[in-house]
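Rule-based calculations on the coordinates, nothing more; no lab input. Not measured: the values here are computed from a predicted model. For neighbour counting, all protein chains shown are included, and Cβ atoms are generated from backbone atoms with ideal geometry for every residue, glycine included.
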């Protein structure tokens with residue numbers, strides 16, 4: 001990832017303070033740049049990105065003006081920051097934040113990234129001298145930058161060439177504030193989509209008396225394979241892999257996904273979490289197993305056996321050694 005240019009505007013809606021910068025930040029020093037770059041990398045890898053489209057948006061026009069040199073980088077960032085600041089006050093979103101507007105290059109693709117970065121509060125120390133005696137006290141610092149993605153952060157990513165838009169935000173009192181501010185409509189995130197797919201697959205497995213120990217790992221495998229191949233998640237293809245040979249179950253799954261608007265989704269820049277590559281199993285006797293989904297789908301490695309008395313057994317195969325962990 002390459003940081004081309006970056007500008008910082010200070011916004012404190014609680015104090016009604018808006019302090020825009022007039023010039024971009026010069027080359028960041030070796031202590032600051034890794035922290036900002038770490039946040040940017042987390043943004044691009046986030047599973048909470050939501051694909052969005054502008055809807056007669058002023059922000060879209062301002063971005064277009066910048067790309068066609070009708071407006072400068074500084075002017076564009078200040079316009080957007082001013083809009084965010086004013087609209088957040090209308091929505092009663094009162095906290096200290098910084099608006100960071102960056103132009104970056106990732107794998108030779110240029111992006112514009114806007115981060116409404118919520119500041120954090122942490123204790124630091126301060127030294128006083130009182131009547132010749134040193135008195136050390138705690139001081140609450142209310143405007144600290146976090147390289148992690150925080151719940152109150154609101155972020156947009158715009159691909160420079162195509163103007164494709166993605167958002168990251170947590171609803172504020174059940175409202176996606178950034179959607180309203182940017183005048184756009186967003187789809188479900190990868191994380192939300194995976195949750196919807198998992199819930200649907202579980203219900204359908206029960207409906208058709210299918211073994212969830214087969215269908216749920218198959219769902220994870222299908223999703224991870226799509227990410228590995230950088231293919232979009234397509235509900236029909238996922239259904240065929242999860243419910244092999246069960247046409248009605250496949251149709252129900254596709255219908256379910258379409259009704260919830262997640263029948264297709266890009267997985268660009270998505271990195272599967274560890275939990276998506278494994279399946280946790282707990283027996284009624286308290287035994288817990290964590291098994292990679294690709295092994296769980298292979299009877300050469302794991303086999304579930306129904307005994308004559310109706311009880312279940314799990315047979316683990318091709319094991320060369322066992323270690324405590």
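Using 0.36 nm per residue and subtracting the Cα-Cα separation, the extra length available between residue 282 and residue 122 on full extension is 53.6 nm.
Translational diffusion coefficient of segment 2-182 (Stokes-Einstein, Kirkwood radius from Cα pairs, 25 °C, 0.890 mPa s): 140 µm²/s. Helix 190-207 axis versus longest C-alpha principal axis of the chain: approximately 20°, rounded to the nearest ten. Look at where the Cα atoms of segment 77-147 and of segment 177-231 average out, and the two centres are 34 Å apart.
The length gained on full extension between residue 266 and residue 31, counted as 0.36 nm times the residue separation minus their Cα-Cα distance, comes to 81.1 nm. Each label was represented as a point 7 Å from its Cα along the Cα-to-Cβ direction; for residue 19 and residue 162 these points are 4.0 nm apart. Mark the label point 7 Å from the Cα of residue 209 along Cα→Cβ and return the residues of segment 244-258 whose backbone N is within less than 17 Å of it. Inside the label zone: 246-249.
Please list 147-155, 304-312 highest first by mean number of surrounding beta-carbon atoms within 10 Å per residue. Can you show the working numbers first?
Values: 147-155: 16.4, 304-312: 8.4.
The packing order, highest mean first, is 147-155, 304-312.
Highest mean first, the peptides 160-166, 84-90 sorted by other C-beta atoms within 10 Å per residue fall in the order 84-90, 160-166.
Here the label points at residue 45 and residue 247, each 7 Å from Cα along the C-beta direction, are separated by 4.5 nm in the simple model.
Here the simple spin-label model places points 7 Å from the Cα toward Cβ, and for residue 53 and residue 198 these points are separated by 3.0 nm.
Principal-axis analysis of the Cα atoms of the chain puts helix 247-259 at an angle of about 10° to the longest axis. Across q = 0.11, 0.18, 0.19, 0.21 Å⁻¹, segment 246-325 modelled as identical point scatterers on its alpha-carbon atoms has Debye log10 I(q)/I(0) values of -0.53, -1.04, -1.07, -1.13, in the order of the q list.
Just the projected area, averaged over all directions, of the convex hull on the alpha carbon atoms of segment 191-265: how many nm²?
4.3 nm²
The P(r) of the chain has a tail past 34 Å containing 41 percent of all C-alpha pairs. Each 5 Å bin from zero up to the one holding the largest Cα-Cα distance in segment 102-219 carries the following percent of pairs: 2, 8, 12, 12, 12, 10, 10, 10, 8, 6, 4, 3, 2, 1, 1, 0, 0.
Axis angle, to the nearest 10 degrees, between helix 212-228 and the longest C-alpha principal axis of the chain: 50 degrees.
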